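**Student:** After the structure tokens below, expect a handful of questions from me.
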């Protein structure tokens, strides 16, 4: 008798269902456990308010978490950058998938690169992090807050409503829209959101070590270490998903390199720092990553990064 399918909770958008199906297929391929998708509408999907008005944190994941706690689904898949850094009572992050390309991408009319956009060009993005870092590079551009799925945002460019939009490269790849990309921002230009490009698998803590242990088959150790460092920076700064904070960590040649930036919304003030730590066989990489994130965040706080975050939050309120 075939096992009953596991119930994977996902948001209803094309991007969410596509990435959840990828995780489901990988789980089945590696463990033999069949998985079916349960489509759930989040508050972030139905409200017309901008992310800064919502506070960002949790608006795309709370309904999924309610379903987990209520037993309606067995596990949920989230874009890790949408997941609050504070732990949720009764739940655990059982797996972090191998990260896709974490960079931000520009999709502009007439195939233009970022440097080719004329002064005053309108660039759409719902992310204060992107606005702050892009404004630091090009203060002559006009940044416009937008909502909607990738297709809706791209449509604002093709219709002529906007000159360009900025989206996550990984998300565009998942929905097959890489042909719309006209430029890609390297981390030296624009640091991605903590966790960008990675997917989080969340389940009930009480079931993690028992009947859901098979979910660890999609956990990727180097990615988990990297995103742990990034998310600890965000947590130490007491900043939410909508804060102007970029962070990116990489595991390479036995070391974990972490870069972070906190930039004022108008791009005029910034605290940017970098640290690295050795990944040794006698220490847990996640513990090393967490310590690295705390050290870097505290250094940045000493230079006023927390005040930039607080001022940005006050301006958005």
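Computed from the coordinates by the stated procedures, all read-outs in this text should not be read as laboratory data. Since this is a predicted model, take the numbers as computed values, not measurements. Every residue, glycine as well, gets a Cβ built from its backbone with ideal geometry; the counts of neighbours run over all protein chains shown.
**Student:** Give me the distance in nm between label points sitting 7 Å out from Cα along the Cα-to-Cβ direction at residue 252 and residue 287, one decimal.
**Tutor:** For residue 252 paired with residue 287, the spin-label model returns 2.7 nm.
**Student:** State the antiparallel share, in %, of DSSP beta bridges confined to the chain, rounding to the nearest 5.
**Tutor:** If I count the DSSP bridges inside the chain, around 75 percent turn out antiparallel.
**Student:** Order of 109, 129 from fewest to most other C-beta atoms within 10 Å?
**Tutor:** Fewest-to-most ranking of 109, 129: 109, 129.
**Student:** Calculated from DSSP H runs of 4 or more alone, at -39500 (n - 2.57) each and per residue, what is the 222 nm mean residue ellipticity of the chain, nearest 500?
**Tutor:** Roughly -10000 deg cm²/dmol at 222 nm, from the helical runs in the chain.
**Student:** Let me ask something else about it. log₁₀ I(q)/I(0) of region 1-41 at q = 0.19, 0.30 Å⁻¹, via Debye over equal Cα point scatterers, no solvent, to two decimals?
**Tutor:** Log-scaled intensity ratios, in q order: -0.52, -0.99.
**Student:** Give me the base-10 log of I(q)/I(0) for the chain at each q in 0.09 Å⁻¹, Debye formula, one uniform scatterer per Cα, rounded to two decimals.
**Tutor:** Each listed q corresponds, in turn, to -0.45.
**Student:** What distance in nm lies between label points placed 7 Å from Cα along the C-beta direction at residue 158 and residue 4?
**Tutor:** Result: 4.3 nm between the two label points.
**Student:** Would you list 113, 81 from fewest to most Cβ contacts within 10 Å?
**Tutor:** Ordered from fewest to most neighbouring Cβ atoms within 10 Å, 113, 81 come out as 113, 81.
**Student:** Same structure, new question: Equivalent-ellipsoid semi-axes (√(5λ), Cα gyration tensor) for region 82-136, whole Å, largest first?
**Tutor:** One finds semi-axes of 34, 14, 8 Å for region 82-136.
**Student:** Sort 251, 107, 203 so the one with the fewest other Cβ atoms within 10 Å of its own Cβ comes first.
**Tutor:** Arranged by neighbour count, lowest to highest, 251, 107, 203 become 251, 203, 107.
**Student:** Based on Cα coordinates alone, diagonalise the gyration tensor for region 104-185, multiply each eigenvalue by 5, take square roots, and list the semi-axes in whole Å, largest first.
**Tutor:** They are 18, 13, 12 Å, listed largest first.
**Student:** Once label points are set 7 Å from the Cα along Cα→Cβ at both residue 119 and residue 69, what is their separation, rounded to one decimal in nm?
**Tutor:** Each label point lies 7 Å from its Cα, and together they span 5.3 nm.
**Student:** Also, quick follow-up: Sorted from largest down, what three extents in whole angstroms do the Cα atoms of region 179-317 have along their principal axes?
**Tutor:** 50, 36, 34
**Student:** I would also like to ask the following. Using Cα pairs closer than 8 Å and at least 6 residues apart in sequence, work out the relative contact order for the chain, in percent.
**Tutor:** Across the chain, relative contact order equals 21 percent.
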